[in-house]
Amino acid sequence: MKEEEVILVDQDNNQIGTMPKMEAHEKAVLHRAFSVFVMNDKGETMLQQRASHKYHSPQLWTNTCCSHQRVGESNIQAGKRRLQEEMGFVTELKELFSFIYKAPFDNGLTEHELDHVMMGNYTGNPQINPDEVADWKWMKPEDVKKDITKNPDTYTAWFKIIFEKFYDHIGQNSTEHESKG
C-alpha cells in the first residue's frame with residue numbers, strides 16, 4: 001500500500017506540493033492538517049486515546065480525531081471521513097479557525113502543521129476503530145484544562161496546543177454555542 005501523502009502549504013495555506021507523510025514529519029515541513037472536536041448536548045468534549053501501536057504518541061489522549069486532508073478534499077470532507085474511520089460516526093462539522101504550530105516528538109519526528117480546527121455535535125456512543133483508537137471518554141472542557149495542567153504527559157503534544165485555542169474560542173463564543181444546544 002502506498003504511503004499516505006500530505007499536502008505541503010505555505011504560510012497562507014496555498015498548496016505547494018505533496019510529500020509522503022513520514023517524510024514530512026521527519027523533515028518538519030509545513031503541511032495541511034485538521035483537528036475535530038465533537039461536543040455533546042451537556043457541553044462535554046469527546047476525547048480519544050490513541051491506539052498503543054501508533055508510531056508516535058501511543059496511548060495518549062487527544063481530541064476526537066485529527067489527520068491530514070487529501071488532495072481535492074475540503075476540510076469538512078476530510079473531517080467527516082476521518083471521524084467515520086476512527087470513531088465510527090459522522091456528524092455535521094463547522095470550521096472554527098486555523099493556525100500554524102510546530103510540535104517535536106521524542107522519536108525525532110515533528111508535526112509542523114497549518115491546522116484547521118472544526119467542531120461538531122453528537123450525543124451517541126462511538127464505534128471506535130481499534131486500529132486507531134484504544135479508548136474514548138466525554139469530559140467537560142474546564143476539566144480537560146485542569147487535567148492537562150495536572151497530567152500533561154497523558155496528552156498528545158498537539159492537543160495541548162490546539163486545546164488552548166479551542167478552549168479560548170468556545171469561551172469567547174459561549175453564547176453562540178449555548179443557543180445551538
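With respect to (1) without any contact (Cβ under 8 Å) to a residue 12 or more places away in the chain; (2) closer than 26 Å to Asp153 by Cα, the lone exception for Val36 is condition (1). Listed by first and then second residue, the pairs with beta-carbon distance under 9 Å, at least 6 apart or on different chains, first residue in the range 10-27 and at positive phi, second among the β-branched types (Val, Ile, Thr) and open to solvent by 50 Å² or more (accessible area, probe 1.4 Å), form an empty list. Considering the range 9-120, the qualifying strands (runs of 3 or more DSSP E), each wholly inside and each with 2 or more residues that are open to solvent by 30 Å² or more (accessible area, probe 1.4 Å) and polar (S, T, N, Q), run over 15-20.
The values are calculated or read from the model by the stated rules, or taken from the named source; none is laboratory data. The shown structure was predicted, so the numbers you read here are calculated from the model rather than taken from an experiment. As a convention, Cβ positions derive from the backbone with ideal geometry for all residues, glycine included, and neighbour counts pool all protein chains shown. What goes into the accessible areas is simple: the full protein's heavy atoms, side chains included, and nothing from ligands, DNA or RNA. Shrake-Rupley method; radii C 1.70, N 1.55, O 1.52, S 1.80 Å.
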